[in-house]
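Report on the structure given below.
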Amino acid sequence: MTPRTVMDGTDYDKIVDKLLVFRGKIPVDGTLSDKAAQFYANRLRYQIDELLECIDWFADLETRGLIK
């Protein structure tokens, strides 16, 4: 088993930055005429928001030394 690589704050910042850039490129409802496209664009934005929240919690736990 290989040892786990510990991420530092800049690693989390890079991941979050890339996700925010990607989220910003998802079309908004007004530009989508198809209902399925609107649904999945909204769902994707929601899921990215949830992932960002999880990353924030995980980074906090790791910073506090609770994840090793």
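The values are calculated or read from the model by the stated rules, or taken from the named source; none is laboratory data. This structure is a prediction, so every number in the text was calculated from the model and none was measured. When we count neighbours, we look across all protein chains shown, and the Cβ atoms used for this are built from the backbone with ideal geometry, even at glycine. These accessible areas exclude ligands, DNA and RNA; they are computed on the full protein's heavy atoms, side chains included. Shrake-Rupley method; radii C 1.70, N 1.55, O 1.52, S 1.80 Å.
Taking every protein chain into account, the accessible area of the chain amounts to 82 square angstrom per residue (probe 1.4 Å).
Shape analysis of the chain yields a ratio of the Cα radius of gyration to the Kirkwood radius, Rg/Rh, of 1.15. What's the carbon and sulfur percent of the chain's accessible surface, probe 1.4 angstrom, rounded to a whole number? C and S fraction of accessible area: 62 percent.
Of the residues Lys25, Lys14, Lys68, the one with the largest accessible area comes first in the ranking Lys68, Lys25, Lys14, computed with a 1.4 Å probe on protein heavy atoms.
Using the Cβ of Gly9 as centre and a radius below 11 Å, the other residues enclosed give a net charge of -4, where K and R count +1 and D and E count -1. With axes computed from alpha carbons, what is the tilt in degrees of helix 35-63 against the longest principal axis of the chain, rounded to the nearest 10 within 0 to 90? Taking Cα atoms only, the helix is inclined about 10 degrees.
Annotation for Asp34 and Lys14: the two label points, set 7 Å from Cα along the Cα-Cβ direction, are 3.5 nm apart.
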